[in-house]
Amino acid sequence: MKKIIISNFKMNTTPSEMKTYSMALATKTSESKNQIIVCPPFTHLCVAKQFLDGSKVSLGAQNVSSEEKGAFTGEVSASMLKDLGVEYVIVGHSERRTKFKETDRLVNKKIKTALANGLKVILCIGEDLASRQAKQACAVVKKELDDALKGIYENELEGVIIAYEPIWAIGTGKTATLKDIQKMVELIRKEIAYLYSDKAGQQINVVYGGSIDIQNYKKIISLACLNGALIGGASLNVDNFAVIARENY
Ligand code: PEP
C-alpha cells in the first residue's frame, strides 16, 4: 500500500548538509512507490529544491505566516514558499503551539492562507500527557481538529494531511501503542465524517508522528488505517529515512 512518508528536520542541519542529504535521498528513493515529503528549515529550501528536482521527493516547509504580505518582520509567506516550488507546509506542530504560543485560531488562519496560495497542509494535532492521563485525549484531538478546520470546505480537504502526533511521544522515544493509534485515527475519521461527509472521513489522509525510528517504523506505518508517517529525529539520518521511505507497506 502506498504511504506518505514525511520528514521534519526541525531546527537541525545546515544548507550545505542539505545538499548532500538531498542528493543521497533522491538516489536512494528513486524506485520508491511511496509519496515522500521532506520539510527542512526555510534556509535549506532553495538548495533542497535544486537537488531534489526530478526526484520522487516533494518539498515542504515547517511553518508559514498567516498573513499574505507586508510589515511582518521575520515571517515567511505562503506565496514566497509557493514561488520556490514548495508544495506542503506543516501547520500546528506541537512545538509551535507550546513554545511559540500558536493558538487554534492562528492555526486555522495559517491553513486558510496556505490553501488559498495553493500549498497543501500537514496539520498536526495531538494531546499532551496530562490530557491523556486525565482521559481527555479524544476531547483534545477533536477540539483541535474542529478549530483548525473551521471555514475549510470539503473540496479543500484533498489539500490537507492530518498528522496525529501525541505530544508525549514526540522526541521522547515513546510511541503510542498500535491500539491507541488505531483508536485515534478512527476518531479523526469519524469527526471528519461528522463535519463533512462519510466519504471525506474515509478519504482524508491521516499519518502518525511520534518517535518513529528505524526499529519500529514498519509495524506502525503498516497499519491499514494509517496513510503514513511524520518523522522527526529519525529523518535526520538519510540512510534510515530512505529505508523508511522506500519500504513496501
Ligand atoms: C515531529 O517532530 O513531528 C516528530 C514526530 O518528531 P520525532 O519523530 O522525533 O518524535
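Can residue 50 be described as closer than 22 Å to residue 208 by Cβ, open to solvent by 50 Å² or more (accessible area, probe 1.4 Å) and away from the ligand (no atom under 16 Å from the Cβ)? Criteria not met by residue 50. The residues in region 134-178 that are among the hydrophobic types (A, V, I, L, M, F, W, C), open to solvent by 10 Å² or more (accessible area, probe 1.4 Å), part of a helix (DSSP H, G or I) and within 16 Å of the ligand (Cβ to nearest atom) can be counted, and the count is 2. Taking every residue in region 32-58 that is β-branched (Val, Ile, Thr) and pairing it with any residue that is assigned to a helix (DSSP H, G or I) and at pLDDT 95 or above, at least 6 positions away or on another chain, the pairs with Cβ-Cβ distances below 6 Å are 36/245; 43/15; 47/15; 47/18; 47/19; 57/25.
Of all the residues that make up region 73-122, how many are away from the ligand (no atom under 16 Å from the Cβ), within 17 Å of residue 60 (Cα to Cα), assigned to a helix (DSSP H, G or I) and of a type in the set (Lys, Arg)?
Qualifying residue count, region 73-122: 3.
For residue 131, all conditions in the list (1) open to solvent by less than 30 Å² (accessible area, probe 1.4 Å); (2) within 16 Å of the ligand (Cβ to nearest atom) hold save one; what is the number of the exception? For residue 131, the exception is condition (2). Being in contact with a strand residue (DSSP E or B) (Cβ under 7 Å, 6 or more places away or on another chain) and open to solvent by 10 Å² or more (accessible area, probe 1.4 Å) is a property that residue 227 has.
Within region 78-126, which residues are aliphatic (A, V, I, L, M) and surrounded by fewer than 21 Cβ atoms within 10 Å (Cβ to Cβ)?
Keep residues of region 78-126 that are aliphatic (A, V, I, L, M), which gives 78, 80-81, 84, 86, 89-91, 106-107, 111, 114-116, 119, 121-123, 125.
Correct list: 80, 84, 106, 115, 116.
If you take the residues of region 205-249 that are more than 16 Å from the ligand (Cβ to nearest atom) and touching an Asp or Glu at 6+ places or on another chain (Cβ under 9 Å), which of them is nearest to residue 173 (Cα to Cα)? Per the criteria, the residue is 222.
The values are calculated or read from the model by the stated rules, or taken from the named source; none is laboratory data. It should be emphasised that the depicted structure is a prediction, and the values quoted were computed from it without experimental measurement. No Cβ is skipped: glycine too gets one built from the backbone with ideal geometry, and neighbour counts run over all protein chains shown. Areas reflect the complete protein model, heavy atoms only, side chains present, ligands, DNA and RNA absent. Shrake-Rupley method; radii C 1.70, N 1.55, O 1.52, S 1.80 Å.
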